[in-house]
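S.K.: Got a structure here, written out as structure tokens. Questions coming.
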Amino acid sequence: MSKNKQVILFIVEGITDQSALEPIMKNILEEKDDKIKFRVLHKDITSHKDSKTNNIKKKLGEEINKYLDTYKLKRKDIREVVHLIDTDGAFVPDTNIEEKNEGEIEYTEDKIKVKNISNLKERNKRKTEIVKLLYKTDQICRIIPYKIYYFSRNREHVLNNKDGTITEEEKNVIADEFSEEYENNIEEFYKFMCCSSGDVGDEYEASWKFIMKGTNSLKKYHNFHIYLQLLRTRYGDLSKIENVLFDDK
């Protein structure tokens, strides 16, 4: 790889995350010094039953090393890792979890309804502990800069305003629609992501503290705009938006 050209590696949960965002992000960095690549985990590594605070960095490192081995790259070829997750309402108090007799897990703006409450509480506890560790982590694989960002309660909620349960087929459709709408309209993408009521301030740690309060992780918020603003600062005028200001919520 060229000495000055590095990879910005996005780690995402599912293939539709890649479908929705990869074409847009690649277009943002078209003709810039770095290039975008996505690695799809096909799971939420932050809530997986085998993940713990004492092994999560190792698990992420293994995924990064698989990518490096596949493409014959070295760690120094990665400029940074950008890890995108859904909150899945995992930070709500236990009192906001209700039992239901049947059916899939159900999310509302202030409750999670599920058949097995104890399993969900365990998942939420595990994910909360892991995410608290990761958002304070600056490097992965010893030398690679790392940051984790969220969509709440999930990407479809933030990007497509989908509030209920949707099928895999619909996820694919709306991911493609979002990508097609903004891939060649970066200015509008920045406006959508950086000037909406769902973005949470412009300070990284504060955005995480906010989403972990009360039932915020069930509502429609995100902090991905913070990374987009970082790209503007790093590479210059990626869109025509000027003087975007953020109000702390």
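The values are calculated or read from the model by the stated rules, or taken from the named source; none is laboratory data. Because the structure is a prediction, the values reported are computed rather than measured. Don't worry about glycine lacking a Cβ; one is built from the backbone with ideal geometry, like all the others, and counts go over all protein chains shown. Ligands, DNA and RNA are stripped out before the accessible areas are found, and what is left, the full protein with its side chains, is counted by its heavy atoms. Shrake-Rupley method; radii C 1.70, N 1.55, O 1.52, S 1.80 Å.
S.K.: Hey, rough spin-label estimate for Asp138 and Ile166, points 7 angstrom out along Cα→Cβ, what's it come to in nanometres?
M.R.: 3.7 nm
S.K.: Also: Could you give the length gained on full extension between Ile105 and Cys195, defined as 0.36 nm per residue of separation minus the Cα-Cα distance, in nm?
M.R.: 29.3 nm
S.K.: What list of ³J(HN,Hα) couplings, whole Hz, do you get for the stretch 7-22 from phi and the Karplus terms 6.51, -1.76, 1.60, once you set θ to phi - 60° and write x for glycine and proline?
M.R.: With the stated coefficients, the stretch 7-22 comes to 9, 9, 9, 8, 9, 10, 6, x, 5, 6, 4, 5, 4, 6, 10, 4 Hz.
S.K.: Could you state how much accessible area Ser118 has, in square angstrom rounded to the nearest 10, with a 1.4 Å probe and all protein chains kept in place?
M.R.: Surface accessible to solvent at Ser118 totals approximately 80 Å².
S.K.: In square angstrom, what is the accessible area per residue of the chain with a 1.4 angstrom probe?
M.R.: 51 Å²
S.K.: Which one, Val82, Gln229, Ser19, projects farthest toward the positive side of the charge dipole computed for the chain from Cβ point charges (K/R +1, D/E -1)?
M.R.: Val82
S.K.: Roughly how many percent of the accessible protein surface of the stretch 181-241 is carbon and sulfur, given a 1.4 Å probe and a whole-percent answer?
M.R.: 46 percent
S.K.: Oh, and also: Going by a ≥ b ≥ c, the root eigenvalues of the Cα gyration tensor, does the stretch 105-249 fall in the rounded group (a/c under 1.5), the prolate group (a/b larger than b/c) or the oblate group?
M.R.: Oblate is the answer for the stretch 105-249, as a/c is 1.5 or above yet b/c matches or exceeds a/b.
S.K.: Quick one: what are the phi-derived ³J(HN,Hα) couplings along the stretch 65-74, Karplus 6.51/-1.76/1.60 with θ = phi - 60°, whole Hz, x for glycine and proline?
M.R.: Running phi through 6.51 cos²θ - 1.76 cosθ + 1.60 with θ = phi - 60° gives 5, 4, 5, 4, 5, 4, 9, 6, 10, 10 Hz.
S.K.: Output the peptides 169-182, 99-112 sorted from most to least packed, where packing is the average of other Cβ atoms within 10 Å over each peptide's residues.
M.R.: Per-residue mean Cβ counts within 10 Å order the peptides as 169-182, 99-112.
S.K.: Something else now. For the chain, what does the helix formula give at 222 nm: sum of -39500 (n - 2.57) over DSSP H segments with n ≥ 4, over the residue count, nearest 500 deg cm²/dmol?
M.R.: Values: 8 runs with 97 residues, N = 249.
Taken over the chain, the calculation gives -12000 deg cm²/dmol.
S.K.: What distance in nm lies between label points placed 7 Å from Cα along the C-beta direction at Ser118 and Lys35?
M.R.: 5.1 nm
S.K.: Explain nothing, just the number: dipole magnitude of the chain about its Cα centre with +1 on each Lys and Arg Cβ and -1 on each Asp and Glu Cβ, in debye rounded to the nearest 20.
M.R.: Rounded to the nearest 20 debye, it is 1560 debye.
S.K.: Please list, by residue number, every one of the trypsin sites (Lys or Arg not before Pro) in the stretch 54-89 that is coil in DSSP and has at most 12 other beta-carbon atoms within 10 Å.
M.R.: Lys72, Lys74
S.K.: For Glu187, Glu168, what's the largest-to-smallest order of accessible area, 1.4 Å probe?
M.R.: Ranked from most to least accessible, the order is Glu168, Glu187.
S.K.: Work out the length of the dipole vector of the stretch 65-137 about its Cα centre, built from +1 on the beta-carbon of each Lys and Arg and -1 on the beta-carbon of each Asp and Glu, and round it to the nearest 20 debye.
M.R.: The dipole of the stretch 65-137 has a size of about 720 debye.
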